[in-house]
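Inspection log for the structure reproduced underneath, given as structure tokens.
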Amino acid sequence: MLERIEIENLGSIQKTGLSLSPLTVLLGSNASGKTTVMRGIELFATLRNHPLQDVKYAGYSLTGTRWPQIIHGGDTEKCLTLRGFVQPDSTQPDYEMRLGIDWEQVRSSIVAQPGSEQKAKPQILNEQLRDQNGRRLSTDTEIQAFRLHDQPLSLSRPRQFSITWMLSQLGRIPPFSEETTGLLEYLESFGTARYFRPNSSSMLAFNRKNDVLPNGSGFVAALATLQNRESERFEAIEQNLHNLFPHIRRIRFDIGSEGKIQYLIFETQRSTRPIPASLEADGVLTTLFLLWAGATTPPHGTLLIDDPEAALHPHLMGKRVEFLRSLANGEFTGHPLRVVVATQSVDFVRWVEPSEIRVVEYSGETGTLVHSIPENEALRTLIDKFQANVGDLWYSGAIGGVPGSGA
């Protein structure tokens, strides 16, 4: 799983790093860059697992006209750099990618074809992967695990395809070997990442795509698919929802005359008739969404949630934090995950351990920076002797991450 990520030149981030715990809670004032950090983690996974033309950042194509808005400071001469660490305590990245515009190539094209329109699009400029045996693979490296006409395969500069994506595709083509199997398993250890900031109205809306969007659109269809394909996992979601909200008995779907799902409904203890989800509490819907998101995150994956406390009563915050920890520790899914959340709720943070906190601050000189809570005697005394919780310490400004602390 991802242990640490370093990000350079993305949005408000000039250069920062984030070490992950099973549950990582990002704290910071408005516009400090919390969402940018989470989006950066998602982007790192998406670039590894998909062709560049299919990758989006905050809904925008990386190869489109939005690149100047995505890159730090709008400076298109800069390169977006992402480094991932999957081996604990490693001082060197296991994978590094640089993305940007090859201006030398653009100039050469203008010289070769004067008068023609040359579009400057970002591409993968450089990569380096440390494989499961500690060997460094980069563009033009001979890869012994894959052979073509009995010769080691050499990857030319991929530009539109990451090394990890190409190796994953090649590794599924026979003949198979122990080395290729080991390499594929290692690549899978980097995991996937999904970012969500769900709201109940979007959750109940259908989209024409098969995936669930960050705002939750498409969720109902995805939940119905889970019921059809993995009934045991769906029933676990249903049971957990009932445990948190005892009046919810069953999750059902209204099916139209053409056999298509029309909307989500609940069987409850409060009515003899099914209740449309749009009439149920927002807290129930957001909890159901988190249950689904956790249940469908694959092994080694990272789940990224903005505002995990949304629509929840303060007395239930402790249960919400415990549920997120159960996701991270594998108690709910059977396999551990990385769970990263961003919040500004003091009630939520009161239940969080200091070791789970990462403070996010922004200044004009440094951009967005992320740091852990410094361990010091005064802070430990406040927590141990005076029973202070992290939420109160954060609200007081003692650990940073409040308006004015990083400006």
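The values are calculated or read from the model by the stated rules, or taken from the named source; none is laboratory data. Being a predicted model, the structure only gives us computed values, none of them experimental. Positions of Cβ are generated from backbone atoms using ideal geometry, with glycine treated the same way; all protein chains shown enter the neighbour counts.
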Handout entry: Filter result (assigned to a strand (DSSP E or B), of a type outside the set (A, V, I, L, M) and closer than 25 Å to D94 by Cβ) within the stretch 36-71
Key = K56, Y57
Problem - Test: residue in the stretch 293-302 that is more than 19 Å from I237 (Cβ to Cβ) and touching a Lys or Arg at 6+ places or on another chain (Cβ under 9 Å) - result: yes
Problem - Within the stretch 324-336, tally of residues that are out of contact with any helix residue (DSSP H, G or I) (no Cβ under 9 Å at 6 or more places or on another chain) and in a loop (DSSP other than H, G, I, E, B) - result: 3
Practice task
Confirm whether E104 is modelled with pLDDT under 95 and in a loop (DSSP other than H, G, I, E, B).
Solution key: no
Exercise for the section: Starting from the stretch 352-367, keep only residues that are under 20 Å from I7 (Cβ atoms), then list their pairs with residues that are among the aromatic types (F, W, Y) whose Cβ atoms are within a distance under 8 Å, requiring at least 6 positions of separation or different chains. Expected result: I357/W394
Completion exercise
All conditions in (1) surrounded by 15 or more Cβ atoms within 10 Å (Cβ to Cβ); (2) outside any helix (DSSP H, G or I) are true of D254 except (1)
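Residues S189, S200: which one is under 22 Å from L316 (Cβ atoms) and polar (S, T, N, Q)?
On the way: S189 fails: under 22 Å from L316 (Cβ atoms).
Only one candidate passes the filter, namely S200.
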Exercise for the section: Among the residues of the stretch 20-42, write down those that are modelled with pLDDT of 95 or more and in contact with a helix residue (DSSP H, G or I) (Cβ under 9 Å, 6 or more places away or on another chain). Expected result: L20, S21, P22, L23, T24, V25, L26
Handout entry: Which numbered condition G294 fails, given (1) of a type outside the set (S, T, Y); (2) free of Cβ contacts under 8 Å to residues at least 24 places away in the same chain; (3) buried (at least 16 other Cβ atoms within 10 Å of the Cβ); (4) within 30 Å of Y60 (Cα to Cα)
Key = (2)
Exercise for the section: Report the residue count in the stretch 293-318 for those that are hydroxyl-bearing (S, T, Y) and assigned to a strand (DSSP E or B). Expected result: 1
Completion exercise
Those residues of the stretch 324-336 which are surrounded by 18 or more Cβ atoms within 10 Å (Cβ to Cβ) and either more than 18 Å from the chain's Cα centre (by Cα) or in the same structural domain as Q239 (by TED's automatic domain parsing) (or both) amount to F332
Exercise for the section: For the stretch 30-52, indicate whether the set of residues that are farther than 21 Å from L369 by Cα, without any contact (Cβ under 8 Å) to a residue 12 or more places away in the chain and either not β-branched (V, I, T) or not assigned by TED's automatic domain parsing to the domain that holds I101 (or both) is non-empty. Expected result: no
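State all residues of the stretch 73-107 that are of a type outside the set (D, E, K, R) and either within 20 Å of the chain's Cα centre (by Cα) or closer than 14 Å to T46 by Cα (or both); if no residue qualifies, say none. So that I can check it myself, show each step before the final result.
Our first condition is that a residue be of a type outside the set (D, E, K, R); within the stretch 73-107, this holds for 73-74, 76, 79-82, 84-88, 90-93, 95, 97, 99-101, 103, 105-106.
Residues satisfying the conditions are L80, T81, L82, G84, F85, V86, Q87, P88, P93, Y95, M97, L99.
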Exercise for the section: For the stretch 171-245, please list each of the helices (runs of 4 or more DSSP H) lying entirely inside it that holds at least 3 residues being more than 30 Å from D94 (Cβ to Cβ). Expected result: 200-203, 219-229, 231-244
Exercise for the section: Being touching an Asp or Glu at 6+ places or on another chain (Cβ under 9 Å) and at pLDDT below 90 is the filter; apply it to the stretch 65-100 and report the residue that is farthest from T164 (Cα to Cα). Expected result: D89
Problem - Counted residues, the stretch 324-338 - those being in contact with a Phe, Trp or Tyr (Cβ under 9 Å, 6 or more places away or on another chain) and of a type in the set (V, I, T) - result: 0
Fill in the blank from the handout: With criteria (1) touching a residue at least 40 places away in the same chain (Cβ under 8 Å); (2) over 15 Å from the mean Cα position of the chain (by Cα), R66 comes up short on (1)
Fill in the blank from the handout: (1) within 20 Å of the chain's Cα centre (by Cα); (2) under 23 Å from T225 (Cα atoms) all hold for R320 apart from (2)
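Considering each of V339, V352, V321 in turn, give the residue that is among the aliphatic types (A, V, I, L, M), outside the structural domain of E232 (by TED's automatic domain parsing), assigned to a loop (DSSP other than H, G, I, E, B) and at pLDDT 80 or above. First the steps, then the outcome.
Numbers: V339 fails: assigned to a loop (DSSP other than H, G, I, E, B); V321 fails: assigned to a loop (DSSP other than H, G, I, E, B).
It is V352.
Those residues that are of a type in the set (S, T, N, Q) and in a loop (DSSP other than H, G, I, E, B), I need them from the stretch 356-371; list them, please. Show your work before the answer.
Going residue by residue through the stretch 356-371, those that are of a type in the set (S, T, N, Q) are 363, 366, 368.
Once the filter is applied, which keeps residues that are of a type in the set (S, T, N, Q) and in a loop (DSSP other than H, G, I, E, B), the stretch 356-371 yields only T366.
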